[in-house]
Amino acid sequence: MHYFVFKRIKEMVKLFLLIVVEAFTVFCSVSAQEVFSTSVLNRQVKSLKIGVAGDWVADPVITLNGEKQLEISFDVLDQGYSRYLYSIRHCNADWTPSSLSPIEYMTGFQGMEIEDFANSTATTTVYSNYRFYLPNDQVQLRVSGNYAVIVYDEAKPDKPLFVACFFVVESVVSIDAGISSITDIDANKAHQQLEFSVNHKNFPISHPLTDLKLFVYQNNRRDNMVTGLTPFAILSDKLVYAHNRNLIFKAGNEYRRMEFLSNQYNGMHVEDIQFHNPYYHVVLYPDHYRHKMSYQYDQDQNGRFFARCSRCEDPDTEGDYYIVHFTLAENEILGGDVFLNGLFLNNNLNEDSRMVYNRESGQYEKFLLLKEGSYNYQYLFVPQGETVGQTVTIEGDFAQTENEYYIAVYYRPIGTRYDRLIGFAKVNNKMTVF
């Protein structure tokens, strides 16, 4: 009897050490990335989504010790179960790794297994769908701030499949915000100006200039993220951020939309669907410049995408994958690159999203393997030597454009070791310009 108990304890210790080693290996391999961002690192992974469970349009933001969970789902182009594990990393406000150890920011072990999966059914492209939730019975989060989840194959801990980022907020301050097309540089033309106040009546902030960090995002984009803000006015229980030129954003245009739900008929913005073994190919109508056109309102979803399919009950496993052909039928723009942008590409401006100019056809082209569904996208131009995508060159900038802005407020007084996320707000505008 004692022999079997000892053997069981020995096996548990061995498993624990294995998990620790794997988690350490993953941390070392990903820490080479200076800044964490939601990114797919393996071409077999598709349709990565991170949001709030039960809310298909919610952003990846939850309250510390709250009732809501994050839901992270993804597909792998393979049939059958593979043992995928996840580890969690706490980050600073700028998404660099924080100095906290796992025991300080979470309960439970690193290297937890993803057990919820299902194989695709009746699809031409074979894949498996995986999902997991945070926090859960095994893992709880102790502190607020930015977090990155790293998912990897147990057999290859040094080669992560993807990184998914999310926010955990304490909500001890409130944020009042507004957006105006009457900006400090123009009126009802190409920009939008954000103004907001941080109300901290029940949370004393003695040194706001040194203890606070603020980050502002437009439509979940990182490339034009704004930080380094100082208050316009400091009141006894309120900090006002107004008339700040850093809070003036290019307004952009409404996202373009396309939808393909079946291979039996053409969907929104789809010109043709053909089968070339082993894939169906979805050819979109050619896109053109919109910067010289007048503004037209369209009810977009600010870059989001949703898996959907016709005559199916579960798009997560019944949605098929097609090769989608994007075309920007315009002359080559010298002095930079054109990128396809949207959450289906995690808003990353990299080789996966860079459009290729075809000199024979005289147009920009991009072919992507995408799941049946509805997609928002736009084209951004990035001049050589720069990192911020410009909308003005292709999409145009129109003050009427409906956008979403995210305001994250972090608190880190002298002597503390991490950035507490004490406030988070999302504000969008319904611009009426005369």
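In table form, for the structure just shown:
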| item | result |
| --- | --- |
| Boolean, ASP186 is of a type in the set (D, E, K, R), touching a Leu at 6+ places or on another chain (Cβ under 7 Å), open to solvent by less than 70 Å² (accessible area, probe 1.4 Å) and over 23 Å from VAL198 (Cβ atoms) | no |
| Answer residue from segment 25-41, given it is at pLDDT 80 or above and open to solvent by less than 50 Å² (accessible area, probe 1.4 Å) and is farthest from THR96 (Cα to Cα) among those | VAL40 |
| Residue count for segment 372-389, restricted to those that are within 19 Å of the chain's Cα centre (by Cα), on the phi < 0 side of the Ramachandran plot and either surrounded by fewer than 20 Cβ atoms within 10 Å (Cβ to Cβ) or of a type in the set (Val, Ile, Thr) (or both) | 3 |
| Breaking point among (1) more than 26 Å from the chain's Cα centre (by Cα); (2) over 24 Å from ALA93 (Cβ atoms); (3) among the charged types (D, E, K, R), for ARG257 | (1) |
| Checking ASP75 against (1) under 21 Å from PHE167 (Cα atoms); (2) under 20 Å from the mean Cα position of the chain (by Cα), the condition it does not meet | (1) |
| Close pairs (6 angstrom Cβ cut-off, 6 or more residues apart or separate chains): under 20 Å from TYR285 (Cβ atoms) and hydroxyl-bearing (Ser, Thr, Tyr) in segment 307-329, open to solvent by less than 30 Å² (accessible area, probe 1.4 Å) and in a strand (DSSP E or B) anywhere | TYR322/VAL282 |
| Every residue from segment 240-273 that is touching a His at 6+ places or on another chain (Cβ under 7 Å) and farther than 30 Å from ALA122 by Cβ | ILE248, PHE249, LYS250, ALA251 |
| Qualifying residue in segment 147-170 (condition: among the hydroxyl-bearing types (Ser, Thr, Tyr), at pLDDT 95 or above and not in a strand (DSSP E or B)) | no |
| Members of segment 413-424 found to be surrounded by fewer than 18 Cβ atoms within 10 Å (Cβ to Cβ) and either under 19 Å from LEU349 (Cα atoms) or of a type in the set (D, E, K, R) (or both), listed by number | ARG417 |
| Which numbered condition SER87 misses (of (1) outside any loop (DSSP other than H, G, I, E, B); (2) open to solvent by 10 Å² or more (accessible area, probe 1.4 Å); (3) not acidic (Asp, Glu)) | (2) |
| Candidates ASN347, ASN429, filtered to the one that is at pLDDT below 95, surrounded by 14 or more Cβ atoms within 10 Å (Cβ to Cβ) and of a type in the set (S, T, N, Q) | ASN429 |
| Subset of segment 256-298 (residues that are open to solvent by less than 70 Å² (accessible area, probe 1.4 Å), assigned to a strand (DSSP E or B) and under 19 Å from SER361 (Cα atoms)) | ASP272, HIS281, VAL282, VAL283, LEU284, ASP287 |
| Any hit, segment 219-229, residues being more than 20 Å from ASN65 (Cα to Cα), touching a residue at least 12 places away in the same chain (Cβ under 8 Å) and outside any loop (DSSP other than H, G, I, E, B) | yes |
| Within segment 110-138, considering residues that are part of a loop (DSSP other than H, G, I, E, B) and surrounded by fewer than 16 Cβ atoms within 10 Å (Cβ to Cβ), the one farthest from the chain's Cα centre (by Cα) | ALA122 |
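The values are calculated or read from the model by the stated rules, or taken from the named source; none is laboratory data. Owing to the predicted nature of the structure, the values given are computational and were not obtained by experimental measurement. Don't worry about glycine lacking a Cβ; one is built from the backbone with ideal geometry, like all the others, and counts go over all protein chains shown. Remember, those area values only see protein heavy atoms, side chains included, never the ligands or the DNA or RNA. Shrake-Rupley method; radii C 1.70, N 1.55, O 1.52, S 1.80 Å.
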